[in-house]
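First up is the structure itself, then whatever we jot down about it.
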Amino acid sequence: MIHRIHLFGQWFFLRVEALFNLAFGERLNPLYYLGAISYFLMWLVVASGLYLYVFFKTSVTDAYASVEYLTHGQRYVGGVLRSIHRYASDGVVITMLLHLARHWTFDRYRGFHWFSWLSGIALLWLVYTAGINGYMLPWDRTAQFVTIATAEWFDWLPFFNGTLIRNFIFPEAVNDRLFSLFSFIHIGVPLAVLGVLWVHTHRVPQARSAPPLPIALTLVAALVVLSLAKPALSQGEADLAKAVTTIDFDWFYLPVYALLYKWTPGQVWALIGASTALFVLLPWFPPRRRAGPAEGYHMLVRPDNRILGVREGETVLDAGLRQGVPFPYDCRSGGCGKCKATIAYGKVDLGAFQRAQLSEAERAAGKVLLCCATPLGDIEVEYQPVAMPGKIPVRAWSATVASMHKLSHDVMQVMLALDGGKRIEFYAGQYIDILLEDGTRRSFSFATAPQVSDRIELQIRRIPGGRYTTHVFERMKPGDAVRFEGPLGSFFLREDSEKPIIFVAGSTGFAPVKSMVEYAIARGMKRHMILYWGVRKLRDLYLPELPRQWEREHPEFRFVPVLSEPDPEDHWTGRMGLVHQAILEDFPDLSSYQVYACGSAGMVEAAYPAFQAHGLKQDDCFSDAFRLAPKIRTDAVELAKLGGTT
């Protein structure tokens, strides 16, 4: 039943949003910014309220007169701001209810969303509390009605037991202290709203707290026009000697007060309590069967080349933004198409979206809208980044092969000199894409540190039958022209931590490690660094003296080579076995370390969960993922053992 309601609600919202798209355009559709509009309107309420409070007098005799002075004595300042204060408050309720309804309709309230849902419910009640309390301050007939009705309603509770209404039996019982209390509540509750709003929005990755400027300006203009056309006015001074029989009613804030004169206070409390309990329990009722593993899924993101975790029910966009992937996005509602990307491997639930933004042909080609798509297993995502880390632009470069040197039987060092003496900016650990004549690409990490930006060192491992690596070993020569694109990737050395670093390199995974270590040394970083370089045989350690030199010259660096299948003639007496097992033997608790893994798909597939089981935090594990993708296209990636693709 609930599923059918969700489907109907999605159909309704999408149809209405499509009409708004025609009127406002996909990028300025206000229905895509309901939460941000609520936030903005709340700031308008606070700003206008601060001005009104300067002239408001918290006393029985002066409260009404001070509000009348604001309304009529400052008609085009105080009067307009009073009306904006009132109408913006109504707008907060409308947008919050729509925002809540949309998230419920699109099933964005269960699982890990429960905290955002419950904090949203708390925000709604706080806003209602502040709004109802605001009606008490002008001390007009509406204030009299709301105050007495509230006292009668709360007096039903055993805690009060009839003590509140006694304060309003005789006019002389109402004193200035009551208005001081009203003012305190009306200041304190909105401050609490802003605090909870901050928590609510910071639980959502890169949540918007302000709508686009054109929408914000339009809202302000609309509120000003409405304030001038239909100003908010008081309804006659309060008189406790007379009963209030008719008032202009605010159905946004006061609907429950109409029930107080039809039902008993106990029945109204039952309705409010039951409704609140229902909304609070919605994320867990009815219970739903888990669709995937408890730990969620993994996704490989290109061109960032990162392996990230995705929680059950989380969209690809939210998972990426939560972990720092600069996915392009705007509406987050499937209406603008800005977050369109390709699922190169795996299956996703496409979700509900505007069909005009994703054609049948695009869906057949693997295109999805990341803000709506939720993984059904491990996936690989390819997107076009707006900017790479540090805002360094990705561009095409021309270079010449300056020199070539065979480092081992299957590893070639290729030095590139940029044409025209140009220099390239990059982060230690990033990579480039070599552009072949037919448009295909081959990825290789920078082996040089960023401070050496006039030349680029590549360490290319020969792949049997590999098209490009065969060309490098058999036909490439100094003087050859090379075109490439870069810098690419978000696998780079993080400098915002003091944790010791464990580098895990397999074969030519040493290349990005070399870039990072040489950069760290040049920067004078004093963080402890340990390199575990895992290879099969001794001859595969193609630059063993370089890390040993680092170890001799820099006490904060240590080198541990690990051989998995040494030959008898190697006479190897050092560490043997799998490289990640050697690390776990030395560091059974990884909770206070950062790990940078550059190895084969098999190595990372085994190492990543093992490291996590020994305390490594997900935010402290970084991997050179374009060469290693645990659980994702392992068979294909294995063909490119750390020296780049074939």
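Residue count for region 448-474 satisfying the condition of being touching a residue at least 24 places away in the same chain (Cβ under 8 Å), closer than 21 Å to G506 by Cα, part of a loop (DSSP other than H, G, I, E, B) and open to solvent by 50 Å² or more (accessible area, probe 1.4 Å): 2. Comparison of R539, R552, R548, R527 shows that the only residue that is out of contact with any Leu (no Cβ under 9 Å at 6 or more places or on another chain), charged (D, E, K, R), assigned to a helix (DSSP H, G or I) and under 20 Å from Y596 (Cα atoms) is R548.
Determine whether region 433-442 contains at least one residue that is open to solvent by 40 Å² or more (accessible area, probe 1.4 Å) and touching a residue at least 12 places away in the same chain (Cβ under 8 Å). Yes, some residue in region 433-442 is open to solvent by 40 Å² or more (accessible area, probe 1.4 Å) and touching a residue at least 12 places away in the same chain (Cβ under 8 Å). Reported count of residues in region 331-352, each being touching a Ser or Thr at 6+ places or on another chain (Cβ under 8 Å) and closer than 24 Å to L22 by Cα, is 1. Would you pick out the residues in region 579-592 that are farther than 22 Å from S445 by Cα and in contact with a helix residue (DSSP H, G or I) (Cβ under 7 Å, 6 or more places away or on another chain)? Across region 579-592, the qualifying residues are L584, L590. Counting residues in region 486-507 that are touching a residue at least 60 places away in the same chain (Cβ under 8 Å) and farther than 29 Å from L590 by Cα gives one or more.
For D62, all conditions in the list (1) modelled with pLDDT under 95; (2) closer than 30 Å to G162 by Cα; (3) surrounded by 20 or more Cβ atoms within 10 Å (Cβ to Cβ) hold save one; what is the number of the exception? Unmet condition: (3). When D540 is tested against the conditions (1) buried (at least 16 other Cβ atoms within 10 Å of the Cβ); (2) over 35 Å from the mean Cα position of the chain (by Cα); (3) under 30 Å from E437 (Cβ atoms), the lone failure is (3). Of the set (1) open to solvent by less than 70 Å² (accessible area, probe 1.4 Å); (2) modelled with pLDDT under 95; (3) small (G, A, S), all apply to S83 but (2). Against the criterion of being buried (at least 22 other Cβ atoms within 10 Å of the Cβ), assigned to a helix (DSSP H, G or I) and not aromatic (F, W, Y), S490 does not qualify.
Residues in region 131-149 that are open to solvent by 10 Å² or more (accessible area, probe 1.4 Å) and aliphatic (A, V, I, L, M) were compared, and the one that is nearest to T95 (Cα to Cα) is I132. Name every residue in region 313-333 that is charged (D, E, K, R) and either within 18 Å of P375 (Cβ to Cβ) or modelled with pLDDT under 90 (or both), in order of residue number. E314, D318, R322, R332 - these are the residues of region 313-333 that are charged (D, E, K, R) and either within 18 Å of P375 (Cβ to Cβ) or modelled with pLDDT under 90 (or both). Looking across region 209-233, the residues that are at pLDDT 95 or above, of a type in the set (G, A, S) and either open to solvent by 40 Å² or more (accessible area, probe 1.4 Å) or in contact with a strand residue (DSSP E or B) (Cβ under 7 Å, 6 or more places away or on another chain) (or both) come down to A221, A222, A229.
In the set (1) at positive phi; (2) within 23 Å of the chain's Cα centre (by Cα), the condition left unmet by G25 is number (2). Among the residues of region 572-592, those that are open to solvent by less than 40 Å² (accessible area, probe 1.4 Å) and within 13 Å of L531 (Cβ to Cβ) comprise V579, A582, I583.
There is at least one residue in region 194-212 that is within 30 Å of V60 (Cα to Cα), within 40 Å of the chain's Cα centre (by Cα) and in a helix (DSSP H, G or I).
Helices (runs of 4 or more DSSP H) fully within region 236-336 that include at least 3 residues being under 30 Å from V386 (Cα atoms) and in contact (Cβ under 8 Å) with a residue 24 or more places away in the chain: 316-322.
The values are calculated or read from the model by the stated rules, or taken from the named source; none is laboratory data. All values derive from a computational prediction rather than experimental measurement. Here Cβ is always computed from backbone atoms with ideal geometry, including for glycine, and neighbour counts include all displayed protein chains. Side chains included, ligands, DNA and RNA excluded: accessible areas come from the protein's heavy atoms. Shrake-Rupley method; radii C 1.70, N 1.55, O 1.52, S 1.80 Å.
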